[in-house]
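These notes are about the structure you will find just below.
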Amino acid sequence: MVCELATFERAREEVTASAADIETLLFEGSATPSGAPAAYAYVIDDDVEGSPHQLAAFALWGVRASTWKGQYGIYLEDLYVREDRRHLGHGKALLERLALECEERGYPRFEWSVLDWNEPAAAFYRDFGASPLNEWVLWRRTFERKTL
């Protein structure tokens, strides 16, 4: 599904992670020095009769700090619903679960990024009650992966 998402986002060539890398990220190598996980995932598995068994949707997220709030919040890295499983409520269910996660943890913020051309996603997120932070621009510096 990661490759499907990257293809949709017109960036398939940027995916370098293998299935083993994702497994390590989520289950083996995602601990911070304190031992707390740094990455989390929710998945939806809706086994549809007559279809090959596969996951329907996922949300990959992490905790981030806010100096302005003096608290943590949730950053949604990826939300993806397979094309043939869209309009079944999976995306909304994942967002609602993450909003509940914020409430349960007492976090004041739940944030994510949306590609500027992805109007269907923007409309979906507006329906969820979110709004864009137009004055903020995401910046990134990338580093080549080094092998030991």
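Some notes on this structure:
- Residue within segment 139-146 that is out of contact with any Pro (no Cβ under 9 Å at 6 or more places or on another chain), in a loop (DSSP other than H, G, I, E, B) and either of a type in the set (Asp, Glu) or surrounded by 10 or more Cβ atoms within 10 Å (Cβ to Cβ) (or both) present: yes
- For segment 114-142, taking the residues that are of a type in the set (Ser, Thr, Tyr) and touching a Phe, Trp or Tyr at 6+ places or on another chain (Cβ under 9 Å), the one that is farthest from Val81 (Cα to Cα) is identified as Ser131.
- Hey, Thr16 under 21 Å from Glu144 (Cα atoms), at pLDDT 90 or above, of a type outside the set (D, E, K, R) and surrounded by fewer than 15 Cβ atoms within 10 Å (Cβ to Cβ) or not: yes
- When Arg109, Arg140 are checked against the criterion of being under 21 Å from Glu14 (Cα atoms) and either at pLDDT below 95 or of a type outside the set (Ser, Thr, Tyr) (or both), Arg140 stands alone in meeting it.
- Helices (runs of 4 or more DSSP H) wholly inside segment 1-115 containing at least 2 residues that are closer than 24 Å to Asn134 by Cβ and free of Cβ contacts under 8 Å to residues at least 40 places away in the same chain: 90-105
- Only one entry of Ala130, Ala123, Ala93 meets the criterion of being surrounded by fewer than 14 Cβ atoms within 10 Å (Cβ to Cβ) and under 23 Å from Ala57 (Cα atoms), and that entry is Ala123.
The values are calculated or read from the model by the stated rules, or taken from the named source; none is laboratory data. Here the structure is a predicted model, which means the values were calculated and not measured. All Cβ positions, even for glycine, are placed from backbone atoms using ideal geometry, and neighbour counts span all protein chains on display.
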